[in-house]
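Each remark here refers to the structure printed beneath this line.
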Amino acid sequence: MEQLLESIDPGKVPAHVAIIMDGNGRWAKARGLDRSEGHVEGVNTVRRITEIASEIGVKCLTLYAFSTENWNRPQTEVDALMHLIGIAIERETPDLIKNNVRLTMIGDFGRMPEDARRRLQGCFDATAHCTGLVLNLALSYSGRWDIVEAARRLASEAASGSLSPADIDQVAFAARLSTAHLPAQDPDLLIRTGGDFRVSNFLLWEIAYSEIEVFDKFWPDFSKEDFVRAVAAFQKRERRYGMTSEQVGSSPSRDIQL
């Protein structure tokens, strides 16, 4: 692990890493366990990945915890997962504060069960003063839902006369997305566990130019070493944003504005 960490260039750490945490249920099934046991083990993975992300200097870590489509899963699994999320967040709050980690959320907060909402809000409030890593949970979230919500906000502002349709551009649209509050809105790196090569309706606007790393292993087996390997692979990529290598090389800044 030490050798892996030494290979990381502190000046090229991705500011925002997003993760599709896939495979909890399959991990449990492979071991003859109930799917809920996979979600419990997945929480332990969240803890260690949050720790290593903070350690190497990532500013924002967005975790896809529950999609709007996941509400269609068996009710018993949904109920168990909502209960686990609330309990786990409340339990982890003291450590988040200790490690200067601020918890935020994107998604349809009003759709969450009352108990989970209460526990989440308690952690949001308790960690609001933290200035280190932003741990951003995508709960009851989907990219298409967020894009539609942003369009509704823009339409409402235009209808009220507070915004001219001529002023609606990419910057204005991005400012109405639920990720607008993050220290780095667009993920530099998108990681998916579980082996599937799809984005599953996650941050559809924001990942337009994200680098992608896919791991065959299920989320409960994803390690700190795996995370560092993903960051190391990211640092070897040339991010061209539709330009040529020569253009990128002559740019005064790697943060190219689109």
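Structure notes:
- Among the GluC sites (Glu not before Pro) found in segment 194-253, those both in a DSSP coil and sparsely packed, with 12 or fewer other Cβ atoms within 10 Å of their Cβ, are Glu238.
- Projecting the Cα atoms of Leu5, Pro183, Gly57 onto the charge dipole of the chain (Cβ charges, centred on the Cα centre) puts Pro183 farthest toward the positive pole.
- Helical segments meeting 27 Å axial Cα length and Kyte-Doolittle 0.0 threshold in the chain (DSSP H): 75-98
- Solvent-accessible surface (1.4 angstrom probe) belonging to Val148, in square angstrom, nearest 10: 70 Å²
- Within segment 142-258, the percentage of alpha carbon pairs spaced more than 23 angstrom apart rounds to 46%.
- Around Leu204: net Lys/Arg minus Asp/Glu count, Cβ-Cβ under 13 Å: -2
- For segment 38-136, carbon and sulfur atoms together expose 50% of the accessible surface, with a 1.4 angstrom probe and every protein chain in place.
- Take segment 1-144 with all the other protein chains still there, run a 1.4 Å probe, and you get 47 Å² of accessible area per residue.
- Relative packing of peptides 182-189, 160-167 - highest average C-beta neighbours within 10 Å first: 182-189, 160-167
- Ellipticity estimate at 222 nm from DSSP helix runs (n ≥ 4, -39,500 (n - 2.57)) divided over the chain, nearest 500: -14000 deg cm²/dmol
- Spatially proximal lysines relative to Lys59 (Cα-Cα < 17 Å; intrachain offsets below 8 disregarded): Lys12, Lys98, Lys224
- Each of the peptides 111-121, 95-105, 53-63 was scored by the mean count of other Cβ atoms within 10 Å over its residues; in descending order, highest first, they stand as 53-63, 95-105, 111-121.
- Dipole of the chain, positive direction: furthest Cα of Gly23, Asn44, Tyr209, with charges on the beta-carbon: Gly23
The values are calculated or read from the model by the stated rules, or taken from the named source; none is laboratory data. Here the structure is a predicted model, which means the values were calculated and not measured. Note that we place each Cβ from the backbone using ideal geometry, even for glycine, and neighbour counts take in every protein chain shown. Remember, those area values only see protein heavy atoms, side chains included, never the ligands or the DNA or RNA. Shrake-Rupley method; radii C 1.70, N 1.55, O 1.52, S 1.80 Å.
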